[in-house]
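First comes the structure, then the notes that go with it.
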Amino acid sequence: MNIALLPVRCGSKSIPFKNIKIFNGKPLLYWSLKSLVESQIFEEIHVATDCNKIKEVVNQQNFKNVKIFNRSEENAQDESSTESVMIEFLKNYNFKKEDVLFLVQATSPLVRSDDFINAYNLFSKNKYDSLLTCVRSKRFYWNDNNSPLNYEIENRPRRQDFRGLLMENGAFYISRIKNIIKSNNRLSGNIGIYEMDESTSIEIDEELDWIIAEKLLRKSINKKLNKEIKIFISDVDGTLTDAGMYYSEDGNELKKFNTHDGKGFELLRKSGIKTGIITSENTEIVKNRATKLKLDYIYQGLEHNQKLDAVIEICKKENVQIHNVAYIGDDINCKELLENVGLAACPSNSVDTIKSIENIHVLNKKGGEGAVREFIDFILS
């Protein structure tokens, strides 16, 4: 059996509540959990924490097979070692000695599900006792005695000819439980190395690490999205508007739209992405707005599964799959559609049921205040 352990705690001096701070639209630990779940090689995934706030955030993500381990206060101090948490965890469960434990760091959000799969295959094939992840550094290192550590100054190698050194990136470690118990260490015996992409060398410990890692993750996601998203659909009330109900003195209904969102639809159109609106409302206001924005599709008066059926119909017309669709909505009548499209997003003030949908991108802005434009920029940036 494969078990994953993700140790996180409340305390963080450099970045307060770092592990649950919003990172690219999601709590930081979400990205590690997402990759663990998507790898489909784990029977159990445990988040070890002493923090009620972290427990609440983990449960809100609704990941399958993810459990909370109540880490003791003693093992959640600044001076507490990760090994102490591992041993405490193993003492509380009756795992078999041959079971495999993955120690995973939430501060390495660039790890992909393929990394877990490939590392485990390497671990098993070579019958290692334990394994760690590294990146190859092609920098030249010197010691305190003013002499080079990894090259000869008389024969300075070209970068393309230089093998460099393998450096721990702290992403994750693999070991059989029997070896952890015997050595009280995450690494022991015959140790293997799984080499990862150089970008994963960043561990988020300081604010600068955060900024760099967030840009790298966004670049990685957007590179994939730019190839896959062919259709962009938006809800209206609470998404393109602020969900407010406005009436003139003569009783006419009014809606407030955001011009930045409108410009976003123009950018999508120029990028060759089809656009549309699907809403439960049925008003001339929405029809006029859709016409002004030159949208390809407008469906009004639809609820719940009807919205999903409409998108399936659009996909057939455009000869694409539903995973090629991006959709943004804010309330429960958008839930079925948000759960089925390739890329889902919601404004920051959406209802909790929507914000807790697995893999949804919770935006920083509210509906009617540029949330749709934020989502569009995320896709096109």
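Any read-out appearing in this document is the output of simple, stated calculations on the displayed coordinates, not a laboratory observation. All figures in this text were calculated on a predicted structure; none of them were measured in a lab. A quick note on method: Cβ atoms are made from the backbone with ideal geometry, for glycine too, and the neighbour counts reach across all protein chains shown.
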The simple spin-label model distance between Asp197 and Val351, using points 7 Å out along Cα→Cβ, in nm, is 3.8
For the chain, averaging the sequence separation of alpha carbon pairs under 8 Å that lie six or more residues apart and dividing by its residue count, the contact order in percent is 15
Residues meeting the amide H criterion for Ile298 (H placed from the backbone, H to H distance under 5 Å, 5 or more places apart or on another chain) are Ile277
Of the convex hull enclosing the alpha-carbon atoms of region 2-220, the direction-averaged projected area in nm² is 13.8
The Cα radius of gyration of region 243-381, divided by 2.2 N^0.38 Å with N its residue count, comes to 1.02
Per the rule of 0.36 nm per residue minus the C-alpha distance, extending Asn52 to Glu303 adds in nm 86.7 nm
For Lys21, counting only aspartates and glutamates whose alpha-carbon sits under 14 Å away and dropping same-chain residues fewer than eight positions off, the answer is Glu56, Asp205, Glu206, Glu207, Asp209, Glu214
Here the percent of antiparallel bridges among DSSP beta bridges lying wholly in the chain, to the nearest 5, is 30
On the formula 1/(1 + (r/R0)^6), with r taken between the Cβ atoms of Ile312 and Leu149 and R0 of 51 Å, the FRET efficiency rounded to 0.05 is 0.25
FRET efficiency for Arg159 and Lys182 from the Cβ-Cβ distance with R0 = 51 Å, rounded to 0.05, comes out at 0.75
Along principal axes, largest first, the alpha-carbon spread of region 38-107 in whole Å comes out as 33, 32, 22
Across Ser108, Ser32, Ser81, the residue with the highest GNM fluctuation in the chain (Cα network, 10 Å cutoff) is Ser81
Highest GNM mean-square fluctuation among Asn59, Asn258, Asn121, for the chain with Cα springs under 10 Å, belongs to Asn121
Checked region 1-75 with the C-alpha gyration tensor, a ≥ b ≥ c its square-rooted eigenvalues, rounded below a/c of 1.5, otherwise prolate if a/b is larger than b/c and oblate if not; verdict oblate
Using eta = 0.890 mPa s and T = 25 °C, Stokes-Einstein with Kirkwood Rh from Cα pairs puts D for the chain, in µm² s⁻¹, at 105
Distance in Å, no decimals, from the C-alpha centre of region 294-317 to the one of region 41-81 is 40
Nearest-0.05 FRET efficiency for Thr259 and Arg218 at R0 = 25 Å, using Cβ-Cβ distance, is 0.50
Descending packing, highest mean Cβ count within 10 Å first, for 229-241, 86-98 is 229-241, 86-98
In degrees, nearest 10, the alpha-carbon axis of helix 259-270 is tilted away from the dominant principal axis of the alpha carbons of the chain by 80
With x for Gly and Pro, the residue-by-residue ³J(HN,Hα) of region 39-53, computed from phi through the Karplus equation 6.51 cos²θ - 1.76 cosθ + 1.60 at θ = phi - 60° and given in whole Hz, is 5, 6, 10, 10, 6, 9, 10, 10, 9, 8, 8, 9, 10, 5, 5
With -39,500 (n - 2.57) per DSSP H segment of 4 or more residues and division by the full residue count of the chain, the 222 nm estimate, nearest 500 deg cm²/dmol, is -10000 deg cm²/dmol
In terms of the charge dipole of region 2-220, which places +1 on Lys and Arg and -1 on Asp and Glu at the beta carbon, the residue among Phe17, Ile181, Phe123 farthest towards the positive end is Phe123
With a ≥ b ≥ c from the Cα gyration tensor eigenvalues, square-rooted, and the rule rounded for a/c under 1.5, otherwise prolate when a/b > b/c and oblate otherwise, region 156-315 is prolate
